[in-house]
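Student: One structure follows; several queries about it will come next.
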Amino acid sequence: MKKIAFYTLGCKVNQADTASMERLFREAGYEIVDFAEKADIYLINTCVVTNMGQRKSRQMIHRAIRKNPNAFIVVSGCYPQTAAEEVKAIQGVDLIIGNQDRAAVVTLVEAAATEQSIDAYDNVKKLSAQTTFEELSADCETEKTRAFLKIQEGCNQFCTYCIIPYARGPLRSRSLDNIKDEVEKLVAAGFSEVVLIGIHLGAYGKELKNDTSLTDAVKAALEVPGLARLRLGSLESVEVGDDLLDLMVSDERLQRQLHLPLQSGCDDILNSMHRPYDTRIFADLLKKIRAKLPDVAITTDIIVGFPGETDENFATTKEFVKSCGFSKIHIFPFSPRKGTPAASFSQMVSEKVKQKRVEELSEVDRESHDKYCESMLDKTVSVLFEQESEEGLWEGLSGNYVRVYARSKENLSGKIRKVMLKAIYKDGMIGEIL
C-alpha cells in the first residue's frame, strides 16, 4: 500500500478540496499519512490569496522534496492555476493540477508516475464559462465533528485586490439533488453539523439562469432527516435576502451566524476596491438582520493599508467597524497580487503603517468580541463539542459561533449539549452543561 501525505494552505474551500482528494486516494487503496512522515507521494494544495500564502506554498513544496527526494510531488490548486510555469520550474515537482479535473487526480498521478516529463502531465486547464462544477464527495472518514461541503465555485466580482477570480474561474454551482445526496451521506456518517461553503457562496445558482438561489440550496440541505445543524460560509452582504433570513428565523437548525466581509469602513476605499456596496447599505443591512435575528452573530473581514488609504480613511474605517458590533473581526494587511489592478495602484502604504493599523483594529476586535460575549452571559446556547482541552474542559462552538468551554466527565466529542454561559474565558466563554 503506497503512502500519500497532504498539506493544505488557505481557505475552507481548499480544505474541502483536499478532503475530497484524500477520499479518492483512500478508496483507491492508498494509505493517508501525516505530512511530517515519509511518504511515497506528497500533494500540496496551494494558496495565492496573499504573498505569504504563495511563499508558504513554495516552502511546503520544498519541504516535501527534502523529506523524500524520491517521492512523487504533486502541486494542486491556485498556485499552479495562476503561475503554472513558475511551479513547473521548481526542481522536484512531478505533476501540477489546477482547480479543475481533481476527480481524476488518482489516475493522473498514477499515469504521470510512469513518465519523466512534467510537460506531459501539466493538468492545469483554462477555466471558462463552459467549465462545470466538479461534484466531488466530501470525506466522510475524517475525525472532525463538522463537515464542510463545497456547493459553489468561482467568482465574477473582480475586486481590484483579489486574485481569486483568476485562480478559480467563473461561477459554477453544485446541483440541488447532489447537495441533498451529499448531506445525506454526511449525516449517515455521523456528522452533526454541515457547513455549506463556496468561493462566492451568495452567488450560488446565478449562472444557471433559472432563479435558483442559495436559499434553494439551504432548503435542499434542510430536507435531509437527521441533520442537526446547518451553517453558511462567507457571504457578500448584498446577497443576504429576506428569504434567507426568514428561513434562519423559522428553522433553528440553520445557525444564527453570518460572516459578511466588509473589507473597509470608508466609502472611498470601498469604491477603489470595487466592492458592491457602501457603508450606508452595509449598516442598513445589519439593522435589518438584527431586527429579524436579535441574537445573531456577525463576523467580518477587514483589509488595512489598501493603496491610497490615508490616516483619515483608516480612522473612518475604525469608527464604522466599532459601530457595527461584530462578534469577530479577521484583519489582513493589504497584499499586492501580481495581475490584479490594485497591484499597480499608486500611494502604496508602508508595511510599518499597515502593521500599526492591524494592531489598532485588533484592539477594536477584542473590545467588540468581549462586548458580544457579555451580551450572552446567563443565556443558554446549543454547543457542538469538539475536543477536550489540556485543562480538562470540553470545548466547542455554539450556534452563533462562540467558542464555549464546559466541564464534563462524559466524552462529548461530536455531541450537542445545552450550556448556560457563565463568564468570558480565553477566546470565548465558559459555561455549565444543563
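Results for (1) in contact with a Ser or Thr (Cβ under 7 Å, 6 or more places away or on another chain); (2) more than 22 Å from Ala16 (Cβ to Cβ), shown as yes or no for each residue.
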| position | (1), (2) |
| --- | --- |
| Tyr30 | no, no |
| Glu37 | no, yes |
| Ile44 | yes, no |
| Gln54 | no, no |
| Ser57 | yes, no |
| Ile65 | no, yes |
| Val74 | no, no |
| Gly77 | yes, no |
| Val106 | no, no |
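Student: Of everything in segment 103-131, what is among the β-branched types (Val, Ile, Thr) and at pLDDT below 90? Give them in sequence order.
Tutor: Scanning segment 103-131 gives Thr114, Ile118, Val124, Thr131.
Student: When you check Val48 against the structure, is it over 22 Å from Ala147 (Cβ atoms), in contact with a helix residue (DSSP H, G or I) (Cβ under 9 Å, 6 or more places away or on another chain), in a loop (DSSP other than H, G, I, E, B) and not assigned by TED's automatic domain parsing to the domain that holds Ile331, yes or no?
Tutor: Numbers: over 22 Å from Ala147 (Cβ atoms): yes; in contact with a helix residue (DSSP H, G or I) (Cβ under 9 Å, 6 or more places away or on another chain): yes; in a loop (DSSP other than H, G, I, E, B): yes; not assigned by TED's automatic domain parsing to the domain that holds Ile331: yes.
Criteria met by Val48.
Student: May I ask you to list the residues in segment 359-406 that are in contact (Cβ under 8 Å) with a residue 12 or more places away in the chain and basic (Lys, Arg)?
Tutor: Selection gives Lys371, Lys379, Arg403.
Student: Among the residues of segment 252-278, what is the count of those that are closer than 28 Å to Ala221 by Cα and in a strand (DSSP E or B)?
Tutor: Here the count works out to 4.
Student: OK, next. Filter segment 74-91 for residues that are β-branched (Val, Ile, Thr) and surrounded by 23 or more Cβ atoms within 10 Å (Cβ to Cβ); which is farthest from the chain's Cα centre (by Cα)?
Tutor: Pass one, segment 74-91, residues β-branched (Val, Ile, Thr): 74-75, 82, 87, 90.
Subset that is surrounded by 23 or more Cβ atoms within 10 Å (Cβ to Cβ): 74-75, 82, 87.
Numbers: Val74: 22, Val75: 20, Thr82: 19, Val87: 24 Å.
By that ranking, first place goes to Val87.
Student: In this structure, is Tyr30 over 30 Å from Val304 (Cβ atoms), at pLDDT 95 or above and touching an Asp or Glu at 6+ places or on another chain (Cβ under 9 Å)?
Tutor: yes
Student: Going residue by residue through segment 222-236, is there one that turns out to be over 24 Å from Gly10 (Cβ atoms), assigned to a strand (DSSP E or B) and out of contact with any helix residue (DSSP H, G or I) (no Cβ under 8 Å at 6 or more places or on another chain)? Break it down stepwise before answering.
Tutor: Residues of segment 222-236 that are over 24 Å from Gly10 (Cβ atoms), as a first pass: 222-229.
Checking the rest, the ones that are also assigned to a strand (DSSP E or B) come to 229.
Then drop every residue that is not out of contact with any helix residue (DSSP H, G or I) (no Cβ under 8 Å at 6 or more places or on another chain), which leaves 229.
Yes, because at least one residue in segment 222-236 is over 24 Å from Gly10 (Cβ atoms), assigned to a strand (DSSP E or B) and out of contact with any helix residue (DSSP H, G or I) (no Cβ under 8 Å at 6 or more places or on another chain).
Student: Output yes when any residue across segment 9-24 is among the acidic types (Asp, Glu) and farther than 23 Å from Lys150 by Cβ, and no when none is.
Tutor: The first filter runs over segment 9-24 and keeps only residues among the acidic types (Asp, Glu), leaving 17, 22.
Keeping just the survivors that are farther than 23 Å from Lys150 by Cβ gives none.
Scanning segment 9-24 turns up no residue that is among the acidic types (Asp, Glu) and farther than 23 Å from Lys150 by Cβ.
Student: Something else now. Out of the residues in segment 205-221 meeting the condition of being surrounded by fewer than 20 Cβ atoms within 10 Å (Cβ to Cβ) and not in a loop (DSSP other than H, G, I, E, B), tell me which one is farthest from the chain's Cα centre (by Cα).
Tutor: Among residues in segment 205-221 that are surrounded by fewer than 20 Cβ atoms within 10 Å (Cβ to Cβ) and not in a loop (DSSP other than H, G, I, E, B), the one farthest from the chain's Cα centre (by Cα) is Leu208.
Student: A further question follows. Is it the case, given these coordinates, that Ala113 is touching an Asp or Glu at 6+ places or on another chain (Cβ under 9 Å) and more than 27 Å from Gln130 (Cβ to Cβ)?
Tutor: So Ala113 passes the test.
Student: Given the options Asp301, Asp295, Asp311, name the one that is among the acidic types (Asp, Glu) and modelled with pLDDT under 95.
Tutor: Values: Asp301 fails: modelled with pLDDT under 95; Asp311 fails: modelled with pLDDT under 95.
Unique residue meeting the criteria: Asp295.
Student: Within the bounds of segment 386-398, is there any residue that is under 21 Å from the mean Cα position of the chain (by Cα), among the hydroxyl-bearing types (Ser, Thr, Tyr) and surrounded by 15 or more Cβ atoms within 10 Å (Cβ to Cβ)?
Tutor: yes
Student: Here's another thing I want to ask about it. Among the residues of segment 25-35, which ones are touching a residue at least 24 places away in the same chain (Cβ under 8 Å) and surrounded by fewer than 19 Cβ atoms within 10 Å (Cβ to Cβ)? Steps first, please.
Tutor: Initial filter on segment 25-35 (touching a residue at least 24 places away in the same chain (Cβ under 8 Å)): 25-26, 28-35.
Those that are touching a residue at least 24 places away in the same chain (Cβ under 8 Å) and surrounded by fewer than 19 Cβ atoms within 10 Å (Cβ to Cβ): Arg26, Ala28, Gly29, Glu31, Ile32, Val33, Asp34, Phe35.
Student: Please find, within segment 290-315, the residue that is surrounded by the fewest Cβ atoms within 10 Å (Cβ to Cβ) out of those that are within 18 Å of Ser234 (Cα to Cα) and in contact with a strand residue (DSSP E or B) (Cβ under 7 Å, 6 or more places away or on another chain).
Tutor: Asp301
Student: Please work out if Asp243 is acidic (Asp, Glu), within 19 Å of Ile289 (Cβ to Cβ), assigned by TED's automatic domain parsing to the domain that holds Lys144 and in a helix (DSSP H, G or I).
Tutor: Working: acidic (Asp, Glu): yes; within 19 Å of Ile289 (Cβ to Cβ): yes; assigned by TED's automatic domain parsing to the domain that holds Lys144: yes; in a helix (DSSP H, G or I): yes.
Criteria met by Asp243.
Student: What about Ser213, is it touching a Gly at 6+ places or on another chain (Cβ under 7 Å), at pLDDT 95 or above and either of a type outside the set (Phe, Trp, Tyr) or under 21 Å from Gly414 (Cα atoms) (or both)? Break it down into steps so the answer makes sense when it comes.
Tutor: Details: touching a Gly at 6+ places or on another chain (Cβ under 7 Å): yes; at pLDDT 95 or above: yes; either of a type outside the set (Phe, Trp, Tyr) or under 21 Å from Gly414 (Cα atoms) (or both): yes.
So Ser213 passes the test.
Student: Continuing with the same structure: Could you list, in sequence order, all residues of segment 399-419 that are part of a strand (DSSP E or B) and either surrounded by 15 or more Cβ atoms within 10 Å (Cβ to Cβ) or on the phi > 0 side of the Ramachandran plot (or both)? First the steps, then the outcome.
Tutor: Let us first name the residues in segment 399-419 that are part of a strand (DSSP E or B), namely 403-407, 416-419.
Listed by number, the residues that qualify are Arg403, Val404, Tyr405, Ala406, Ile416, Arg417, Val419.
Student: With Lys356, Lys318, Lys322 as the choices, which residue is free of Cβ contacts under 8 Å to residues at least 12 places away in the same chain, farther than 30 Å from Asn411 by Cα and surrounded by 14 or more Cβ atoms within 10 Å (Cβ to Cβ)? Give the steps one after another, and end with the answer.
Tutor: Values: Lys318 fails: free of Cβ contacts under 8 Å to residues at least 12 places away in the same chain; Lys322 fails: free of Cβ contacts under 8 Å to residues at least 12 places away in the same chain.
Every option except Lys356 fails the conditions.
The values are calculated or read from the model by the stated rules, or taken from the named source; none is laboratory data. Keep in mind the model is a prediction, meaning the values are calculated, not measured. Cβ coordinates were reconstructed from backbone atoms using ideal geometry, including for glycine residues, and neighbour counts include every protein chain displayed.
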